[in-house]
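Data block below; observations after.
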Amino acid sequence: MDMRALVVDPGVPGSLRLGTAAEPHPAPDQLVLEVRHISLNRGEVAFAGHLPPGTVHGYDAAGVVVRAAADGTGPAEGARVAAFGAGAWAQQMAVDTSAVAEVPAELDLADAAALPMAGLSALRTLRTRSILGRRVLITGAAGGVGRYAIQLAALGGAHVIASVGSTARGRGLAELGANEVVVGLEGIDRPVDLILDTVGGQQLTAAWQLLAPGGDVQSIGWASDEPAVFAPHSLFSLGPAKTISSFGDVHEVGPDLATLLNFAAAGKLSPEVDWRGSWERVTEAARALLDRRIAGKAVLDVQQADAA
């Protein structure tokens, strides 16, 4: 049978539209989730047009388990869970039981849907080294990853520097835990120990010059339309090695997702949902993300068949 889903269509604005797709057929170690809410990430929306037409897109979802995994792993039928997996933007998704976590009763499912991709990116990159008492620079700090990274870095005892594209984009970041909020890299006059970079381009090469010996740049995203061009000899550094690391580790994310959900349920992590509406409004939400008119996350409510 078919279900409704957000599918790739390069011919429409934002390259996404509501269409239909076949219901999922889970593997033995997968459960089937009735999706109630989904979260859009700017990078996913920007990349949608590069996927084959008809692809069910997206990775972030929250809902209720309607079929437990055949191998006996994971949550039982009826459990409220958040999930990270391909094909999330549909009325149902099949997802590995290692990539889900039960949502605490105190947390709304819509808020839970905002956490997976951006929250996991922030958590796992911050955990690559000790940040207690260290200087952490977060670029593109007004976005979904950035806002979570500010909060988590502050919880970890770091001195947090939030870099944004304009003064307006920096509003509210101090309240989330940023010790400094800067436009671009202006005013950063001391080396930093860890950089979470979501911008790329020439800002990445400039940020490299701010990195202390032994420091690391975690390259999470690339919002810039420019390449990063390093001048001759600019990568040479005396002392402990400075590094640039790629990030893409989404293996068995369930325990980390549970950590994020528990932080949110306890009031230690704000989901930062800045836009919410029906998935019928996907084009509107996609355009707002691409135009950077959303500070934080966009969450869409999925209309199930029995609510049509």
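The values are calculated or read from the model by the stated rules, or taken from the named source; none is laboratory data. Please read these numbers as outputs of a predicted model, since none were measured by experiment. Cβ coordinates were reconstructed from backbone atoms using ideal geometry, including for glycine residues, and neighbour counts include every protein chain displayed.
Things worth noting here:
- Any hit, the range 96-108, residues being more than 13 Å from the chain's Cα centre (by Cα) and under 21 Å from residue 294 (Cα atoms): yes
- Qualifying residue in the range 87-108 (condition: more than 20 Å from residue 222 (Cβ to Cβ) and touching a His at 6+ places or on another chain (Cβ under 6 Å)): yes
- Any hit, the range 136-159, residues being farther than 27 Å from residue 288 by Cα, modelled with pLDDT of 95 or more, within 21 Å of the chain's Cα centre (by Cα) and β-branched (Val, Ile, Thr): yes
- Tally, over the range 187-197, of residues that are more than 22 Å from the chain's Cα centre (by Cα) and at pLDDT 95 or above: 5
- Considering the range 198-249, the residues that are of a type in the set (D, E, K, R) and under 21 Å from the mean Cα position of the chain (by Cα) include one that is nearest to residue 98 (Cα to Cα), namely 249.
- Candidates are the residues of the range 243-266 that are touching a Phe, Trp or Tyr at 6+ places or on another chain (Cβ under 9 Å) and closer than 18 Å to residue 138 by Cβ; the one that is surrounded by the most Cβ atoms within 10 Å (Cβ to Cβ) is 260.
- Subset of the range 8-23 (residues that are free of Cβ contacts under 8 Å to residues at least 60 places away in the same chain, closer than 15 Å to residue 303 by Cα and under 25 Å from the mean Cα position of the chain (by Cα)): 19
- Applying the set (1) at pLDDT below 95; (2) crowded, with 18+ Cβ neighbours inside 10 Å to residue 128 leaves exactly one unmet item: (2).
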